[in-house]
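Engineer: Before we start, here is the structure in question, set down as structure tokens.
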Amino acid sequence: MPLISVISITNSPSYPFTKFWLARDISPEVRLLRRHRYATLEDVSRVWRTIKRYIFWTYERGSFHYDVMVTLILVFIFAAPRLIDFKDQPTDHAGHSVGISYTEAGGQLVYKVDAAIVDAQDEGMVRTNLLRVIEPISGKVSILKTEAIRDSSGRIVAYRAVVQQERRP
């Protein structure tokens with residue numbers, strides 16, 4: 001069984017920042033097992049310069065580093081929503097809760113809706129806009145009767161709509 005000894009040579013004059021590990025057994029051959037190159041101040045400076053140029057976006061369009069930055073941004077844009085929980089959910093839309101009131105009378109619903117929400121010029125638009133406001137609250141309905149509510153000066157301040165919910169089969 002050969003006897004193995006390990007010799008470490010550091011800071012030799014020809015390679016100031018290199019370390020050699022030599023293995024020598026009984027035979028006259030000497031093998032170079034591994035060569036480690038230590039990072040110099042210049043190497044560290046080059047890395048920080050590259051990072052600084054990435055942060056301040058100083059590379060020219062079409063260069064390799066520019067393409068890398070754009071690719072990283074696109075990967076983040078498309079992968080982040082699947083990988084990161086941003087806790088953003090759609091809000092529950094309760095319709096127009098302000099300015100809408102209703103009562104139930106004889107199996108029919110009577111809605112009172114502010115005129116600012118309805119915002120219509122003729123009877124057809126009034127019915128369409130009332131349906132747009134009422135259906136998110138009551139589901140599928142049909143309007144039986146509409147009536148404009150006016151103030152003392154004759155301006156329309158609200159609409160009263162008598163609706164009936166459509167039965168589901």
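The values are calculated or read from the model by the stated rules, or taken from the named source; none is laboratory data. Owing to the predicted nature of the structure, the values given are computational and were not obtained by experimental measurement. FYI the Cβ positions are ideal-geometry reconstructions off the backbone, even for glycines, and counts take in every protein chain you see.
Engineer: Cβ-Cβ under 8 Å, sequence separation 6+ or interchain: first residue in the stretch 48-69 and at negative phi and surrounded by 13 or more Cβ atoms within 10 Å (Cβ to Cβ), partner part of a loop (DSSP other than H, G, I, E, B) and among the charged types (D, E, K, R). Which pairs?
Structural biologist: Within 8 Å, the pairs are 66/60.
Engineer: Return yes or no: is residue 80 at pLDDT 80 or above, of a type outside the set (D, E, K, R) and surrounded by 10 or more Cβ atoms within 10 Å (Cβ to Cβ)? Walk me through it before giving the result.
Structural biologist: Details: at pLDDT 80 or above: yes; of a type outside the set (D, E, K, R): yes; surrounded by 10 or more Cβ atoms within 10 Å (Cβ to Cβ): yes.
Here the answer is yes, as residue 80 does meet what is asked.
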